[in-house]
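K.L.:
Please read through the structure below; I'll follow up with questions.
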Amino acid sequence: MSRIDYLNDPRAPKANSIVPAVSAIVADDKGRILLIRRTDNKYWAIPGGGVEPGESVSEATAREVEEETGIDCEVTDVVGIYSNPNHVAAYDDGEVRQQFSICFATRMLGGTTRTSSESAEVRFVPLEEIGEYDMHPSIRLRIQHYMEARLRPYIG
């Protein structure tokens with residue numbers, strides 16, 4: 001399924017759904033963060049996805065990271081809550097989803113990087129190289145908030 005992201009775009013289609021989602025900042029022992037190249041929109045991103053019925057947000061975070069990257073992690077902190085109504089994702093099945101994602105900082109437990117149906121590439125990237133990667137501004141904002149080591153989570 002393909003996806004087009006719109007941010008502050010007056011031509012964006014109107015949202016017709018909101019799906020609780022999670023995303024994760026996973027750092028390795030060198031301080032590099034885990035990025036994936038998404039298969040649906042070709043952007044680089046942090047791993048994440050929708051929360052499924054019967055699971056907590058921390059369980060969903062660990063599941064999504066493992067499914068998309070092969071890395072096992074556990075949630076340690078909240079980076080922020082991202083719910084900008086001016087950010088929507090339009091899918092080719094007609095769904096237009098308003099952003100609602102909780103971004104977590106995690107601790108890597110193990111695993112070996114691998115791709116999936118949702119990730120064409122997976123790699124750990126030094127923080128100083130993040131600017132070289134083509135990513136949606138909403139993901140860049142989450143990484144920026146993580147790098148700021150805020151005392152309180154971002155809520156927006």
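Readers should treat all values here as calculations from the given coordinates under stated rules, not as data from a laboratory. Model, not experiment: these values are computed from the prediction. Every residue, glycine as well, gets a Cβ built from its backbone with ideal geometry; the counts of neighbours run over all protein chains shown.
K.L.:
In terms of the ratio Rg/(2.2 N^0.38 Å) built on C-alpha atoms, what value belongs to the range 76-153? It would help to have the intermediate numbers written out before the result.
P.N.:
On the way: Rg = 14.6 Å, N = 78, 2.2 N^0.38 = 11.5 Å.
Output field value: 1.26.
K.L.:
Return TYR91, TYR43 ranked ascending by Cβ neighbour count within 10 Å, so the fewest neighbours appear first.
P.N.:
Final ranking by Cβ density, sparse to dense: TYR91, TYR43.
K.L.:
Taking 0.36 nm per residue of separation and subtracting the Cα-Cα distance, what length does fully extending GLN144 through ILE81 add?
P.N.:
On the way: separation 63, 0.36 × 63 = 22.68 nm, distance 1.36 nm.
Between GLN144 and ILE81, full extension yields an extra 21.3 nm.
K.L.:
Report the extension gain between VAL96 and LEU109 in nm, rounded to one decimal, defined as 0.36 nm multiplied by the number of residues separating them, less their alpha carbon distance.
P.N.:
My answer for the length gained is 1.2 nm.
K.L.:
If only Cα atoms are counted, what is the Rg of the chain, and what is its Dmax, in Å?
P.N.:
Computed over the Cα atoms of the chain, radius of gyration and Dmax are 14.7, 43 Å.
K.L.:
Out of ASP29, ASP77, ASP134, any idea which swings most in a Gaussian network model of the chain, alpha carbons joined below 10 Å?
P.N.:
Per the Cα network of the chain with a 10 Å cutoff, ASP29 tops the list.
K.L.:
Another one. Which of LYS42, LYS14, LYS30 ends up with the largest GNM mean-square fluctuation for the chain, with Cα atoms connected below 10 Å?
P.N.:
LYS30
K.L.:
For the range 66-72, what does the Karplus curve 6.51 cos²θ - 1.76 cosθ + 1.60, with θ = phi - 60°, yield as ³J(HN,Hα) per residue in whole Hz, taken in order and with x for Gly and Pro?
P.N.:
Karplus-based 3J(HN,Hα) across the range 66-72 equals 5, 4, 7, 10, x, 9, 9 Hz.
K.L.:
Still on this model: Rounded, prolate or oblate: pick one for the range 6-62, where a ≥ b ≥ c are the square roots of the eigenvalues of its C-alpha gyration tensor, a/c under 1.5 means rounded, and failing that, prolate if a/b is larger than b/c, else oblate.
P.N.:
Note, shape of the range 6-62 comes out oblate.
K.L.:
Sort THR76, THR61 so the one with the fewest other Cβ atoms within 10 Å of its own Cβ comes first.
P.N.:
THR76, THR61
K.L.:
With n ≥ 4 as the cut-off for DSSP H runs, can you work out [θ] at 222 nm for the chain, using -39500 (n - 2.57) per run divided by the number of residues, rounded to the nearest 500?
P.N.:
-5000 deg cm²/dmol
K.L.:
Highest GNM mean-square fluctuation, the chain, Cα pairs closer than 10 Å: which of ILE25, ILE139, ILE102?
P.N.:
ILE139
K.L.:
Using Cα centres only, tell me the gap between the range 98-113 and the range 124-156 in whole Å.
P.N.:
13
K.L.:
For the chain, what's the relative contact order in percent, using C-alpha pairs closer than 8 Å and at least 6 residues apart?
P.N.:
Values: 348 pairs, mean separation 50.7, N = 156.
RCO, the chain: 32 percent.
K.L.:
For a footprinting-style exposure proxy, rank MET1, MET135, MET147, MET108 by other Cβ within 10 Å, fewest first.
P.N.:
With the fewest neighbours first, MET1, MET135, MET147, MET108 line up as MET1, MET147, MET108, MET135.
K.L.:
A further question follows. Expressed as a rounded percentage, what relative contact order does the range 63-134 have, with Cα pairs under 8 Å and six or more residues apart?
P.N.:
It comes to 37 percent, rounded to a whole number.
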